[in-house]
Amino acid sequence: MSNWCTNKIYIIHDDVAMIERLYNSLISDDDDFLEEFIPSPEDETTDYSWEKSNWGTNGLHDIDDRCIIKSDYEICFTYWTAWTPPDKALLTFAEMGFKFVNLCYETDVGFMGIQTQVSNGAIFWENVSFDFDGLMASYGYPDFPKALRDWGFDNTNGVFYFRKFCDEVGVDIDETPQWDEIEKKNFKCIYNIISSKGNEVIPHLVKIFESSDNLQDAVHEMLMHYGE
């Protein structure tokens, strides 16, 4: 049985269609983006040797489809591969014009590293220990106010979903230091719902928020629906 290597990747591409193609492969029934861009031969049995030579790993285990964050030119998601990151596949991605940062770690073997695209046809690998969110911020990915982290808004994909919710309802989370205790409690409830239920509940939460007379009423109705 394989040990699963956890990968969290942030990808950008100048071509909207390439990001859309990648996104569609993630949400498809097969949810195998390796097969989408580097398909295994149909005329022969795909074996360990072929997968290692072309993907750098012997298989994609799973994708966390609740934690896919996407815009026209960028996408971020978490996925698992067998034993090692898909470094050969990432090399092909670089040749296709993708730029990326891939954080990978495997706790049983005991490694943690980062792979980045440095030029077409080349990737850079470094064994590191670092703050992933800080790295994402350095690549222009939305950072999250320190005040919210101090209040227990964890360092997870939930913070990005919560930012998306706030952007859609017009709440300025950079003004969080001005929130009173009741507002903190109510927004933490919304954050917990989004973190546990995923990106797909945001449209409904936005609708509840916009149709309610005040924040307290909105949170009460949200809790009635999602039971947090």
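Observations, loosely collected:
- Residues considered: VAL206, VAL201, VAL171, VAL219. Of these, the only one that is of a type outside the set (Phe, Trp, Tyr), surrounded by 13 or more Cβ atoms within 10 Å (Cβ to Cβ), at pLDDT 85 or above and in a loop (DSSP other than H, G, I, E, B) is VAL171.
- Whether a residue is farther than 16 Å from LYS88 by Cβ, at pLDDT below 80 and surrounded by 11 or more Cβ atoms within 10 Å (Cβ to Cβ) was assessed, and HIS61 passes this test.
- Looking across region 7-32, the residues that are closer than 19 Å to CYS104 by Cβ and of a type outside the set (Phe, Trp, Tyr) come down to ASN7, LYS8, ILE9, ILE11, ILE12, LEU22, LEU26, ASP31, ASP32.
- Under the condition of being more than 13 Å from CYS76 (Cα to Cα) and under 15 Å from the mean Cα position of the chain (by Cα), the residues counted in region 1-26 number 3.
The values are calculated or read from the model by the stated rules, or taken from the named source; none is laboratory data. Model, not experiment: these values are computed from the prediction. A quick note on method: Cβ atoms are made from the backbone with ideal geometry, for glycine too, and the neighbour counts reach across all protein chains shown.
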